[in-house]
Amino acid sequence: MTAASTGRAAARGPMRPRTLACTADGVWLWPGIPLTERRGTALVSIPLPHLYQQVAALHGSSVHAPMLARTIARAAACLTRGSVHEADAVLAGAPLPPVSFDGAALMQATGKRLGVSVPDVAVAGWPSASPPELFEQLARVHDRKRPVALALEPVFNPDLCRVAPTNAPFDPTLHPRWPAGQPEGGQFRPRDGAEMVPVQWQGQAARLAARLLARLWRLLRRPPKLPTPSEPTPSPAKPVPGAEGVAPDQPTGIGHNRAPDDGASASSEAESAPKPSAPTANSDQPFTLPVERPPGDGAVAQWGQRAADEIRKALANNDTKRLAEIADALAHAEWIKGQLDNIIAAQDSPRILDDLIEGAQEKGPRQGYDNHHIIEQGPQNGDVPPDIIEAPHNVVRIPRYRHWQINKYYRQPQEECGGLTPRDYLRSKSVQERYAFGLGVLRKFGVLK
Amino acid sequence: MTKLDHSEMTNEQLANAFVEISLREADAIGRGSVRGMQELFDQLRALKEALRARGPEARKVLLPLLSYSPASRSVFDDQAAQVRLNAARELLAVVPEPARATLEDLAMRGPSAQSGRAGMCLQLLDDGIFKPT
């Protein structure tokens, strides 16, 4: 954090570090204090005394509360209309003085306590005689906001989510390293003056968790329900050492239009009983992932789908604490990072058929999604003319995990299909019946509205 | 797993074997093991035939499995849901109401694999294609 007013306020815009920001859910003060509340379908500013109390804690007593309230109200109106960009532009012009010295000290203490980055905003004024312990005590008030603060971290610190252009010159002053000869020589170190954060929140894992949470946050359909003060602060979910949830299998690759198949022999499959030491994905238990990559792409995808299911449940319950826990676990498991787009895409709500068809018409692939043929490609539909298989109305773009689930369903014998796989069951059906069945599958697997 | 001699097993032992096979089936589905899914389907079918041969009352030994939810850390949500799904399908002809309610619950709130299967089961049931016996 800069220790003097540097005129950075002139650099307004959505990519600036700031203490005031908005999401579709409302206007927020760093690290995650809501400045708006919902009344019916509308977002409105919180009452003036509360607004002043919250903002003045960071920006000092010179905050002009009525002017700020009007700005918040304008931003809230934009959000009610669904325009986050407009609201952001309104907030960029908020009449806020620089952060006070005491406010800066409080931000440092809060950031350290919650494990979130402190925005690099302008600071001005004079230090008070308040002892450092006071700020540490005040920072505790924000403990229960940790899930929210993690989710909003990239919003207040756009540097965390900004991707530098490929031709951007490397600036070593922005990325200092420990000197050679030291135990960590050559590795990146915090910038001068930067606060150290607890080790479990350092580095890429914490940033990844924050980004993941930020992506999940947008999926919440209701304003977040914060954990009650009595609830313990969620601790980073530690993978269970040596845990394995699946039996060994063979890597066979994850191909287009096909779920990863472990290729395990029938006999080894039948003898692969669930491991007693397997980590649980039960919602009553902490969500954990194996430390080591499970063998086989099928097992990796299986864990990804379990995570996606857990997230879906947490979103349905508006359980931000659980979301933070899952994001932590995912961020600390290097081997599952290739699945993150699939996990996010799996949270899509069912869509109308036209939207899914339109998606398939887009050029190029989209991370986390596949094109799916309603009447499947392959020899099982060899009697169907190719122009029907490839017709626009037969191809839809759907979340990859849903696609894999559907493919696996088609390949598994089902009691209700007379013990046949749906693929074999459909062989004797007309093209219309196959298409209707395919639409039914899309509906039941949560893709089609 | 070696082929079990179902005729020597009690109803409760058959129910335990039913759970074991269902747990493995969920794992095979999760990993996309086609051969595993096929073999476990066959094993389950053989077990169900043995239970059916003992009359409708014997099949009711599966009734507690409609709400199968072990506290064990070794069982995942999708595995527990697969036990419930298989039990519900098998009990539709014997105790239709709770069996159907279980399928509806899984279709609504189950893990994605079991939710889709429960939904399809209900659809084929309602369309008259699936006639539970």
>> So, in region B:61-76, exactly how many residues are surrounded by fewer than 21 Cβ atoms within 10 Å (Cβ to Cβ) and at pLDDT below 95?
In response: 6
> Would it be correct to say that A:Gly378 is more than 29 Å from B:Asn86 (Cβ to Cβ) and at pLDDT below 95?
Replying inline: no
> Among the residues of region A:428-448, how many are touching a strand residue (DSSP E or B) at 6+ places or on another chain (Cβ under 6 Å) and modelled with pLDDT under 95?
Replying inline: 0
> What are the residues in region B:25-50 that are more than 14 Å from chain A (Cβ to nearest Cβ) and either surrounded by 21 or more Cβ atoms within 10 Å (Cβ to Cβ) or under 27 Å from A:Arg423 (Cβ atoms) (or both), if any?
Replying inline: none
> Within the set of pairs 6 or more residues apart or between chains, which connect a residue that is assigned by TED's automatic domain parsing to the domain that holds A:Leu212 and closer than 17 Å to A:Lys145 by Cα inside region A:298-327 to a residue that is modelled with pLDDT under 90 and among the aromatic types (Phe, Trp, Tyr) with Cβ atoms less than 7 Å apart?
Replying inline: A:Glu325/A:Phe287; A:Ile326/A:Phe287
> Checking A:Gln367 against (1) assigned to a loop (DSSP other than H, G, I, E, B); (2) crowded, with 17+ Cβ neighbours inside 10 Å, which test does it fail?
Replying inline: (2)
> Tell me, which residue of region A:296-351 that is in contact with a Lys or Arg (Cβ under 7 Å, 6 or more places away or on another chain) and closer than 16 Å to A:Tyr369 by Cα is farthest from the other protein chains (Cβ to nearest Cβ)?
Replying inline: A:Arg351
> Which residues, taken from region B:96-131, are surrounded by 18 or more Cβ atoms within 10 Å (Cβ to Cβ) and either modelled with pLDDT under 95 or more than 28 Å from A:Ile311 (Cα to Cα) (or both)?
Replying inline: B:Leu124, B:Leu125, B:Phe130
> Which numbered condition trips up A:Pro413, out of (1) part of a helix (DSSP H, G or I); (2) within 7 Å of another protein chain (Cβ to nearest Cβ)?
Replying inline: (1)
>> I'm checking my understanding of the structure. Among residues of region A:39-76 that are more than 14 Å from A:Trp28 (Cβ to Cβ) and part of a strand (DSSP E or B), which one is modelled with the lowest pLDDT?
In response: A:Arg39
>> Take the conditions more than 10 Å from every other protein chain (Cβ to nearest Cβ) and among the hydrophobic types (A, V, I, L, M, F, W, C) and apply them to B:Val75. Does it pass?
In response: no
> Got a number for residues in region A:427-442 being surrounded by 17 or more Cβ atoms within 10 Å (Cβ to Cβ) and either more than 12 Å from chain B (Cβ to nearest Cβ) or among the charged types (D, E, K, R) (or both)?
Replying inline: 2
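The values are calculated or read from the model by the stated rules, or taken from the named source; none is laboratory data. As the structure is a prediction and not an experimental result, all values here were calculated from the model. Glycine gets a Cβ as well: all are built from the backbone with ideal geometry, and neighbour counts include every protein chain shown.
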